[in-house]
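Trainee: Provided herewith is a single structure, encoded as structure tokens, for subsequent inquiry.
The values are calculated or read from the model by the stated rules, or taken from the named source; none is laboratory data. On a predicted model such as this, the values are computed, not experimentally measured, just so you know. Note that we place each Cβ from the backbone using ideal geometry, even for glycine, and neighbour counts take in every protein chain shown.
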Amino acid sequence: MMSVLAQNWWAFVARGVFGVLFGLIALFMPGVTMLSLVLVFAAYAIADGAFAIVAAFRAANAGERWGLLTFEGLVSIAAGVVAAAWPGLTVIFFVALVAVWALITGSLMFGLGLNMESGHGRGWVIVGALASIVYGIALVIAPAIGALVLTWWIGAYALVFGVAMIVLAIQLRTKFKASPLGQAMTGTA
């Protein structure tokens, strides 16, 4: 699979550039782009899915594993289409989903913490549980602020992911240029 990935290093550059651009927009223009961010995310998810499917087809043609890349691509495209079709609902749904998740997992962690023996991390479990519960309540009380903060977190994630993809692309390109096929294509053999 590495040889196919190395040949397609440029797809990782594209994924990385899209990730970095998406992250910068989310971090530096959150108020203006909250709803439009959903559309930017939709475009990013669709492009990311398309590049993953391209890599999957190339892996399949080379007789290598391709199933997970295809599934990842289809999930990304589906998420992008849903987000583009209902941007306002996507923001509201996402904040509500995170709020419910934080409340449920926080409550379960709190129960776990109460049932743990003292001195085995019980205090930290309870602190983490209370943080989740408070976060969930805050999202229910002020979903717009929650959406803004989530926008920043998504931006930070996309920025880190994008940089990671670009670094990976550089490493894959180096591997490809050193391979016999890369040397033949660049005429350095």
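Trainee: Select, from Thr151, Thr70, the only residue that is touching a residue at least 60 places away in the same chain (Cβ under 8 Å) and under 23 Å from Gly16 (Cα atoms). Full working, then the answer.
Mentor: Working: Thr70 fails: touching a residue at least 60 places away in the same chain (Cβ under 8 Å).
None of the other options fit; the residue is Thr151.
Trainee: Separate question: Scan (1) at pLDDT 90 or above; (2) under 22 Å from Val20 (Cβ atoms) for the single condition Ile104 breaks and write down its number.
Mentor: Checking Ile104 against (1) at pLDDT 90 or above; (2) under 22 Å from Val20 (Cβ atoms), the one that fails is (2).
Trainee: Does Leu5 qualify as being in contact (Cβ under 8 Å) with a residue 60 or more places away in the chain, within 21 Å of Ser179 (Cβ to Cβ), crowded, with 18+ Cβ neighbours inside 10 Å and of a type in the set (A, V, I, L, M)?
Mentor: On the way: in contact (Cβ under 8 Å) with a residue 60 or more places away in the chain: yes; within 21 Å of Ser179 (Cβ to Cβ): yes; crowded, with 18+ Cβ neighbours inside 10 Å: yes; of a type in the set (A, V, I, L, M): yes.
Against the criterion (in contact (Cβ under 8 Å) with a residue 60 or more places away in the chain, within 21 Å of Ser179 (Cβ to Cβ), crowded, with 18+ Cβ neighbours inside 10 Å and of a type in the set (A, V, I, L, M)), Leu5 qualifies.
Trainee: Being surrounded by fewer than 16 Cβ atoms within 10 Å (Cβ to Cβ), more than 28 Å from Ala26 (Cα to Cα) and modelled with pLDDT under 85, is that true of even one residue in the range 122-143?
Mentor: yes
Yes/no matrix, rows are residues, columns are (1) free of Cβ contacts under 8 Å to residues at least 40 places away in the same chain; (2) aromatic (Phe, Trp, Tyr):
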residue: Met34; (1), (2): no, no
residue: Leu39; (1), (2): no, no
residue: Tyr44; (1), (2): no, yes
residue: Ala52; (1), (2): yes, no
residue: Thr90; (1), (2): no, no
residue: Val100; (1), (2): yes, no
residue: Ile104; (1), (2): yes, no
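Trainee: Tell me the residue from Leu114, Leu89, Leu168 that is at negative phi, hydrophobic (A, V, I, L, M, F, W, C) and over 21 Å from the mean Cα position of the chain (by Cα), please. If you could, list the steps in order and put the result at the bottom.
Mentor: Details: Leu89 fails: over 21 Å from the mean Cα position of the chain (by Cα); Leu168 fails: over 21 Å from the mean Cα position of the chain (by Cα).
Checking each option against the conditions leaves just Leu114.
Trainee: Would you confirm, using the coordinates I've provided, whether Ala56 is closer than 21 Å to Ile166 by Cα, touching a Lys or Arg at 6+ places or on another chain (Cβ under 6 Å) and buried (at least 20 other Cβ atoms within 10 Å of the Cβ)? Walk me through how you get there before you give the answer.
Mentor: Values: closer than 21 Å to Ile166 by Cα: yes; touching a Lys or Arg at 6+ places or on another chain (Cβ under 6 Å): no; buried (at least 20 other Cβ atoms within 10 Å of the Cβ): yes.
No; evaluated as a whole, the condition is false for this residue.
Trainee: Looking at (1) part of a helix (DSSP H, G or I); (2) over 17 Å from Ile154 (Cα atoms); (3) touching a helix residue (DSSP H, G or I) at 6+ places or on another chain (Cβ under 8 Å); (4) not aliphatic (A, V, I, L, M), find the lone condition where Phe71 falls short.
Mentor: (3)
Trainee: Considering the range 74-93 alone, what residues qualify as being of a type in the set (A, V, I, L, M, F, W, C) and buried (at least 19 other Cβ atoms within 10 Å of the Cβ)? Outline the logic, then answer.
Mentor: Just the residues of the range 74-93 that are of a type in the set (A, V, I, L, M, F, W, C), to begin with: 74-75, 77-79, 81-86, 89, 91-93.
Listed by number, the residues that qualify are Ile77, Ala83, Val91.
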